[in-house]
C-alpha cells in the first residue's frame, strides 16, 4: 500500500516511542553500570583519604556514616538513583562542595572544547571525504583518503604533543602570548576534532563513491548539470544520512577525547576533574562525572536514531 | 604481502624480540640515573637522558616490554571473558543468552574509555588496575561479537546433527562451536589487541599507572610533557613508538582480514 503523501508513515510514531523507551532503558543501564563499576574492586572508598592521613579512623567512621557507606549496597544504589533524579550527586570528599556545582564549574570549558572539536570534525570530515571520493585517482584524493585513515589511527595524546611542538616552533617568541586563544582553544579543538574527522571522512567517502557511480548521477551529467552542482546536490545528499548519524555518535565519543586532550594541553575541564578525582580517590566526583557523561552519551544515541529516522524514510516502518 | 604489510610485520617482530631481550639489550638500569638530566641524544646516551638523568634508550626498550605485555594482559582478559560469555550464551540459549546480551548491552551504554576510567577509580591507580580495567571494559564488546560468530556456526547443519545424535552441550560447545569459530575469533582478537594497546597506553598517559618512574611508553609520553620544548625527544620517542605500533597492528589485521575474505568479494574498485 502506498502511504498518502504528506502524512507520516504508519510505523513512524511507534518507532519513535520504542526508540525513546529503549533510550530510557539504556540510560538506566549506564547509570547502574557507573554505580557498580566504581565499586567492583573497591574495598573502601575512603581508603585514599585514610592512606593520605587526611582523616583519623574515627573521623573516617563518621564520614562513612554521613555518606551512607555503612548501609547495604542495594540501599546505597537506591539512594544514588533517587538522588540522581533530584539532581543531587552528593558532595566531594575533599572540598565538601556539591558534586553538581563542581561539575557545573568545569562544564563551560569542556563544552567549548567539545563544540569546537565537533565543528572541526564535521567540516574536516566532509572536506576529506568529499575530496577522497571526488578526486579518487588524483594525488589530492589519495592523500585525503590516507589522511582520514591516519587521523582515526593516531592517538590524541601524540597528535596533541606534535601540535604543541609545531605551534611553538613556528611561532617561537613572536606574539605567543597574544595568541592565547589560539593555543588554548583552537589548537586543542583541532587536535580533538581531527580524530573524529577521519572517521566521518571515511563514511562520507564510502557513501559518495557509491552515489557518484550511480545511474542518477550519470543521468544528471547527461542532462548537462554542471559538475559542482552534480557533486553537491545529486551525489552528496544521498550520502549524508549515515554520516549525520555517525556525527551524533562521534559527539558522544568526543567526551572521551576531551579527557585526553585536556591533559595534553593542561586545560581545565571535566576530563581533568575526573582524572584528578580518580587519583585522589574522590569517588562522588568521579561517579558524578561518569554518570553525566554516560547520560549524555545515551542522549546522543537517541538523537542519532531520531535523526536517521527523519532522514531515511526506509527505517520508519521497522521500529 | 605488500611493502607496507612487510614493514608492519618486521616492526612488530622487532618489538617482540626487544620485549623479550630487554634486560640483555639495555645498556643501563631504566630506573637509575646514569648522568646529568636532559642530555640530548648523543654518544654518551644513545637517545639522551630524561629529567632525572635516566637513560632513555634503556627506558624505551623496557617500555616495549611493559607496554606490549600490559596490552596483551588486557586483551587476553577481554578475549577469554568474551569467548566464555559468548560460548555460554549460544550453547545454553534461552534465558541465559538473553541475560548475557542484556549485560553486554548495559555495559556498552558507557563508552569504553570512561568505563575503564571508572574501574580504575574503583580499583585504585596502578598498572595491574589499568590492565584489569581495560580488559574488563573490552569484554562486553568482544562477547557480543563472539556470540554472533558462535551463532553463525550453530546455524550450520552439523551442530543440529551432533545434537540429534545425542551430543551433550559441553561437547557441542568445545568440539563444534569453538573450533569452527576460532579463525574469526582469532582475527577479532588481533583487532582487539590494538584496542587494548590504545586503552592501556591512554590510561598510563593519563597518569593512572600510579608510579611515575615506570618505564612504560604511555607514562613516558606523559612525563616528557614537562620538558616538551627543551627536550622534545622525551615525549616524541615514546609517542612515535605507540603510533607505529598501532599502525602496524591495524595494517596486519587488515591484511589478515583480506586474506580470509573470499576472492569474489574483493572485486577491483573500477567496477
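The values are calculated or read from the model by the stated rules, or taken from the named source; none is laboratory data. Quantities reported herein were computed from a predicted structural model and do not represent experimental measurements. Don't worry about glycine lacking a Cβ; one is built from the backbone with ideal geometry, like all the others, and counts go over all protein chains shown.
Mind listing whichever residues of region B:78-119 are outside any loop (DSSP other than H, G, I, E, B), within 11 Å of chain A (Cβ to nearest Cβ) and more than 21 Å from the chain's Cα centre (by Cα)?
Answer for region B:78-119, where residues must be outside any loop (DSSP other than H, G, I, E, B), within 11 Å of chain A (Cβ to nearest Cβ) and more than 21 Å from the chain's Cα centre (by Cα): B:102, B:103, B:105, B:106.
Just to check your reading of the model, which residue among B:190, B:223, B:219 is surrounded by 15 or more Cβ atoms within 10 Å (Cβ to Cβ), within 18 Å of the chain's Cα centre (by Cα) and at pLDDT 90 or above?
Numbers: B:190 fails: at pLDDT 90 or above; B:223 fails: within 18 Å of the chain's Cα centre (by Cα).
B:219 is the lone residue from the list that is surrounded by 15 or more Cβ atoms within 10 Å (Cβ to Cβ), within 18 Å of the chain's Cα centre (by Cα) and at pLDDT 90 or above.
Every residue, every condition in (1) surrounded by fewer than 19 Cβ atoms within 10 Å (Cβ to Cβ); (2) modelled with pLDDT of 85 or more; (3) under 22 Å from residue A:130 (Cβ atoms), yes or no:
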residue: A:242; (1), (2), (3): yes, no, yes
residue: A:250; (1), (2), (3): no, no, yes
residue: A:296; (1), (2), (3): yes, yes, no
residue: A:306; (1), (2), (3): yes, no, no
residue: A:317; (1), (2), (3): yes, no, no
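Only one of these is within 14 Å of another protein chain (Cβ to nearest Cβ), buried (at least 17 other Cβ atoms within 10 Å of the Cβ) and at pLDDT 90 or above: A:192, A:131, A:126. Name it.
A:192
Go through the residues of region B:232-246 one by one and say whether even a single one is surrounded by fewer than 19 Cβ atoms within 10 Å (Cβ to Cβ), at pLDDT below 80, part of a helix (DSSP H, G or I) and in contact with a helix residue (DSSP H, G or I) (Cβ under 7 Å, 6 or more places away or on another chain).
Within region B:232-246, not a single residue is surrounded by fewer than 19 Cβ atoms within 10 Å (Cβ to Cβ), at pLDDT below 80, part of a helix (DSSP H, G or I) and in contact with a helix residue (DSSP H, G or I) (Cβ under 7 Å, 6 or more places away or on another chain).
Let's see how each residue does on (1) under 18 Å from residue A:311 (Cα atoms); (2) without any contact (Cβ under 8 Å) to a residue 12 or more places away in the chain; (3) assigned to a helix (DSSP H, G or I):
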residue: A:185; (1), (2), (3): no, no, yes
residue: A:190; (1), (2), (3): no, no, yes
residue: A:231; (1), (2), (3): no, no, yes
residue: A:236; (1), (2), (3): yes, no, yes
residue: A:242; (1), (2), (3): yes, no, yes
residue: A:263; (1), (2), (3): no, no, yes
residue: A:267; (1), (2), (3): no, no, no
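Return the residues of region A:161-172 that are more than 9 Å from chain B (Cβ to nearest Cβ) and within 22 Å of residue B:246 (Cα to Cα); say none if nothing qualifies.
Within region A:161-172, A:163 is the sole residue that qualifies.
Could you grab me the full set of residues in region B:125-138 that are outside any loop (DSSP other than H, G, I, E, B), more than 8 Å from every other protein chain (Cβ to nearest Cβ) and surrounded by fewer than 24 Cβ atoms within 10 Å (Cβ to Cβ)? Talk me through it step by step, then tell me what you get.
Initial filter on region B:125-138 (outside any loop (DSSP other than H, G, I, E, B)): B:127-138.
Now restrict to residues that are more than 8 Å from every other protein chain (Cβ to nearest Cβ): B:127-128, B:130-131, B:133-135, B:137-138.
Selection gives B:127, B:128.
Of all residues being under 23 Å from residue A:213 (Cβ atoms) and without any contact (Cβ under 8 Å) to a residue 60 or more places away in the chain in region A:145-165, which is surrounded by the fewest Cβ atoms within 10 Å (Cβ to Cβ)? Just the residue, please.
Per the criteria, the residue is A:146.
Residues in region B:21-34: is at least one under 17 Å from the mean Cα position of the chain (by Cα), closer than 20 Å to residue B:221 by Cα and part of a helix (DSSP H, G or I)?
As a first pass, look at region B:21-34 and keep what is under 17 Å from the mean Cα position of the chain (by Cα): none.
No, there is no match, as no residue in region B:21-34 is under 17 Å from the mean Cα position of the chain (by Cα), closer than 20 Å to residue B:221 by Cα and part of a helix (DSSP H, G or I).
Can you name the number of the only condition in (1) touching a helix residue (DSSP H, G or I) at 6+ places or on another chain (Cβ under 6 Å); (2) under 17 Å from residue B:66 (Cβ atoms); (3) touching a residue at least 24 places away in the same chain (Cβ under 8 Å); (4) at the interface with another protein chain (Cβ under 9 Å from one of its Cβ atoms) that residue B:210 fails?
Result: residue B:210 fails condition (1) only.
For residue B:122, are the conditions met, namely being in contact with a helix residue (DSSP H, G or I) (Cβ under 7 Å, 6 or more places away or on another chain), within 14 Å of another protein chain (Cβ to nearest Cβ) and at pLDDT 90 or above?
No: the conditions fail for residue B:122.
For the list (1) free of Cβ contacts under 8 Å to residues at least 12 places away in the same chain; (2) over 16 Å from residue A:286 (Cβ atoms), I need the number of the one condition that residue B:121 fails.
(2)
Any chance you could count how many residues in region A:269-294 are more than 23 Å from residue B:109 (Cβ to Cβ), modelled with pLDDT under 90 and in contact with a helix residue (DSSP H, G or I) (Cβ under 8 Å, 6 or more places away or on another chain)?
Result for region A:269-294: 3.
Which condition number in (1) farther than 30 Å from residue A:302 by Cα; (2) more than 14 Å from chain A (Cβ to nearest Cβ) is the one that residue B:148 fails?
(1)
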